[in-house]
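Novice: The structure under discussion is supplied below as structure tokens; questions concerning it will follow.
The values are calculated or read from the model by the stated rules, or taken from the named source; none is laboratory data. Remember, it's a predicted structure, so these values are computed and weren't measured experimentally. We place every Cβ from the backbone using ideal geometry, glycine too, and count neighbours over all the protein chains shown.
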């Protein structure tokens, strides 16, 4: 079961602005498996595909759960997971949405500097004690 401390990571359309749905669900599933494998290289507790049974109560906008992972952080911490996802996005030309406590960050093909600014603002909202 997903709780409020888990990250919900969702691979979506190509980052180049093509907003068409990925017609091939197998391609999306394959991309998600590769991202999962890279995240498992970090010191995280778990990275599991999200199923309808796992979705948080009242979750909105998940649509198809293909391409969606639940990440329970370990010692790696939030910044390390975001850095890994940002690197993956830059190599794969996809958009990835990361949600924690209902707050979503969208990583795209924007410049590294732009993405770093967005990540820092988003992280500040989720720092302990904020």
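Novice: In the range 88-130, what residues are within 17 Å of residue 39 (Cβ to Cβ) and exposed (fewer than 13 other Cβ atoms within 10 Å of the Cβ)?
Specialist: Once the filter is applied, which keeps residues that are within 17 Å of residue 39 (Cβ to Cβ) and exposed (fewer than 13 other Cβ atoms within 10 Å of the Cβ), the range 88-130 yields only 91.
Novice: Now for a separate question. Strands (runs of 3 or more DSSP E) wholly in the range 1-101 with at least 1 residues that are within 23 Å of residue 118 (Cα to Cα), more than 10 Å from the chain's Cα centre (by Cα) and modelled with pLDDT under 70 - which ones? Show your work before the answer.
Specialist: Values: elements: 7-14, 46-49, 68-72, 94-100.
Once the strands (runs of 3 or more DSSP E) in the range 1-101 are filtered for at least 1 residues that are within 23 Å of residue 118 (Cα to Cα), more than 10 Å from the chain's Cα centre (by Cα) and modelled with pLDDT under 70, what remains is 7-14.
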